Amino acid sequence: MTAGTGGPSGVPYVEETVVATSRYLATLHALTDAEARAPSLLPGWTRGHVVTHVSRNADALGNLLHWALTGEERPMYASQEQRDADVEAGAGRPVEELVQDAEASSARFERAARGLPADRGAALVSRTPGSQQFKVARVGMLRWVEVEVHHADLGLGYSPGDWPVAFLELLLERRRRELDADGWDLVLEAEDLERRIEVGSDGPTVRGTAPDLVWWLLGRGDGTGLACSAGTLPEVGRWR
């Protein structure tokens, strides 16, 4: 399938997500209990937290697909507090349970995504009750981002350098839009892609490889591998 075209489903990026999930699950199959309880690259979260979050995200996005298919309102999460509590409750499980949950929730999401008719892709859904709505067609992109980024967050050898070029380009554009909406003035130069990305009207230039740029733009790492014309990298915050 051509990247982002979707096919008969109303959910673009299903195939890209399936491939990313296969890589993610392969990493989990080598995970030990001790590794699952060790810190991830996300402050305050063990790898068990990350794996549990990715599983609950699959089911949360499945809620949106159910909403779009049936018309029965079902946001991703009842509340942010419930989302956080579910992650905390599942983080300490034995690795076998974590992996089984990851496999089952990923399969449920794939079935639901493939089963959404193309004419339902414009249905409006929301993250929590009463929050800003968006088209359910975004769900595939959201899941692809979730799997790829949190796979790298595990700190088990899979890194931004392993991300497909199409994924790097997607995140560069996504962060450009978000930073532009927040009023940033910045120039990004992805040297390996020969890409110059302007945010706002002017500002310091940050250059480096696309993986290093995207990792920093997601609020991860310390900017290693990047150079900034202002001397110090700006604090752009974490991805939404």
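Using a 10 angstrom Cβ neighbour count of at most 16 plus a DSSP loop assignment to flag exposed chymotrypsin sites (Phe, Trp or Tyr not before Pro), which longest range of the chain is free of such sites?
On the way: sites that count: Trp184, Trp239.
After excluding every exposed loop site, the longest remaining stretch is 1-183.
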Report task. Among the GluC sites (Glu not before Pro) in segment 131-198, which ones are in a DSSP loop with at most 14 other Cβ atoms within 10 Å of the Cβ? Mind listing them? Result -> Glu191, Glu194
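How much accessible area per residue does the chain have, counting only protein heavy atoms and a probe of 1.4 Å, in square angstrom? Present the calculation step by step, with values, prior to reporting the outcome.
Working: 11000 Å² over 240 residues.
That works out to 46 Å² per residue.
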Query raised in the report: Does the chain come out rounded, prolate or oblate by the C-alpha gyration tensor, with a ≥ b ≥ c the root eigenvalues, rounded set by a/c under 1.5 and, if not, prolate when a/b is larger than b/c and oblate if not?
Result: oblate
Query raised in the report: When the dipole is taken about the Cα centre of segment 70-165, and only Lys, Arg (+1) and Asp, Glu (-1) are charged at their Cβ, what size is it in debye, to the nearest 20?
Result: 540
Requested in this report: May I ask you to list the residues of segment 161-191 whose amide nitrogen lies under 13 Å from a point 7 Å from Cα along the Cα→beta-carbon direction of Leu233?
Outcome: 189
Report summary line: Within the set Val125, Val50, Val19, GNM on the chain using Cα springs under 10 Å gives the largest fluctuation to Val19
Requested in this report: Can you pull the one-decimal nm distance between simple spin-label points at Phe134 and Glu96, each 7 Å off the Cα toward Cβ?
Outcome: 3.8
Query - Distance between segment 8-28 and segment 111-166 - C-alpha centres, whole angstrom - result: 9
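What does the charge dipole of the chain about its Cα centre add up to, to the nearest 20 debye, if the Cβ of each Lys and Arg holds +1 and the Cβ of each Asp and Glu holds -1? Before the final figure, lay out the partial values.
Values: 25 positive and 36 negative charges, 112 e Å.
Around 540 debye, computed over the chain.
At 222 nm, what value in deg cm²/dmol follows for the chain if DSSP H runs of at least 4 each add -39500 (n - 2.57) and the sum is divided by all its residues, to the nearest 500?
Here the helix-only value at 222 nm equals -15500 deg cm²/dmol.
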**Report entry** Separation of the Asp192 and Asp84 label points, Cα + 7 Å toward Cβ, nm
**Finding:** 3.5
Report summary line: Of every hundred units of 1.4 Å-probe accessible area on the chain, the number belonging to carbon and sulfur atoms, as a percent, is 50
Requested in this report: Have a look at Gly44, Gly223, Gly161 and tell me which one the Gaussian network model of the chain (Cα, springs below 10 Å) gives the largest fluctuation.
Outcome: Gly44
**Report entry** Per-pair calculated FRET efficiency, R0 = 25 Å: Asp162 and Arg108 via Cβ, rounded to 0.05
**Finding:** 0.45
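The values are calculated or read from the model by the stated rules, or taken from the named source; none is laboratory data. Being a predicted model, the structure only gives us computed values, none of them experimental. Virtual Cβ from ideal backbone geometry, glycine too; neighbours counted across all protein chains shown. Accessible surface areas use protein heavy atoms only, side chains included; no ligands, DNA or RNA. Shrake-Rupley method; radii C 1.70, N 1.55, O 1.52, S 1.80 Å.
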